[in-house]
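The values are calculated or read from the model by the stated rules, or taken from the named source; none is laboratory data. No experiment lies behind these values; they were computed from the predicted model shown. A quick note on method: Cβ atoms are made from the backbone with ideal geometry, for glycine too, and the neighbour counts reach across all protein chains shown. Please note that ligands, DNA and RNA were not included when accessible areas were found on the heavy atoms of the full protein model with its side chains. Shrake-Rupley method; radii C 1.70, N 1.55, O 1.52, S 1.80 Å.
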Amino acid sequence: MKSTNLYRARLLGSCACLIFGVNAFAQQPGHTVLGKPDVLIVAGDLAPQQRDQLLEAARKFYEFWNTADPATLQSVISPRFVDRALPAGRPQGPTGPLIAIQNFKRAVPDLRCEITQQIVVSDRVVSHLRFTGHFSGTFAGTKGQGQTVDFIATDILRIQQGRITDNWHLEDNLTFLQQIGQVKH
């Protein structure tokens, strides 16, 4: 316990973190409204330009999850993109997210991504996300009946020169599968 408290004190002391209640990027003209994170924590040693570049890249990535627009993804993902938590059957590289959103949109055509909180440090943006919609499409041979879908996910994005180069992610797939009737409670 003592070492944990010491670590927290060092982390907070060195970062001089700022906590915001509003994401300034959520409602810029021409952008899909993602909603405002309840919490945005930014390391105090980040230059405003670097902070803005990191948040804009993350915003565009989550806009892609709402719109499924390949141009939006292409504008923000590096050609050297690596999925560090690659699910079986998904191709590595920038085409992986395109395959993922196509599969999700087939099952949940009204899939929406909301950023609930973000932490920005160095070249990383950690985002806690909420995905919602209705299972009115098809998944694994099962046709949806409009069941509500509501699950969480967390991403760690590495962003260099305004492009996402790496993503470590974890989705609450069990909840999703339970909600669409693929797994019994």
Query raised in the report: What tally of residues in the range 67-76 results from selecting those that are open to solvent by 10 Å² or more (accessible area, probe 1.4 Å) and not in a helix (DSSP H, G or I)?
Result: 3
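For the subset of the range 118-142 comprising residues that are closer than 30 Å to Q161 by Cβ and touching an Asp or Glu at 6+ places or on another chain (Cβ under 6 Å), which member is most open to solvent (accessible area, probe 1.4 Å)?
In this case the residue turns out to be R130.
Do the conditions hold for D166, that is, is it of a type in the set (D, E, K, R) and assigned to a strand (DSSP E or B)? Can you show your working first?
Working: of a type in the set (D, E, K, R): yes; assigned to a strand (DSSP E or B): yes.
Yes.
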Query raised in the report: What's the number of the condition V149 fails, among (1) outside any strand (DSSP E or B); (2) farther than 30 Å from V42 by Cβ?
Result: (1)
**Report entry** Counted residues, the range 77-89 - those being open to solvent by 30 Å² or more (accessible area, probe 1.4 Å) and in a strand (DSSP E or B)
**Finding:** 3
**Report entry** Matching entry among Q102, Q178, Q147, Q92 (being open to solvent by 10 Å² or more (accessible area, probe 1.4 Å), in contact with an Asp or Glu (Cβ under 7 Å, 6 or more places away or on another chain), at negative phi and at pLDDT 95 or above)
**Finding:** Q92
**Report entry** Enumeration of residues in the range 161-175 that are of a type in the set (S, T, N, Q) and open to solvent by 70 Å² or more (accessible area, probe 1.4 Å)
**Finding:** Q161, N173
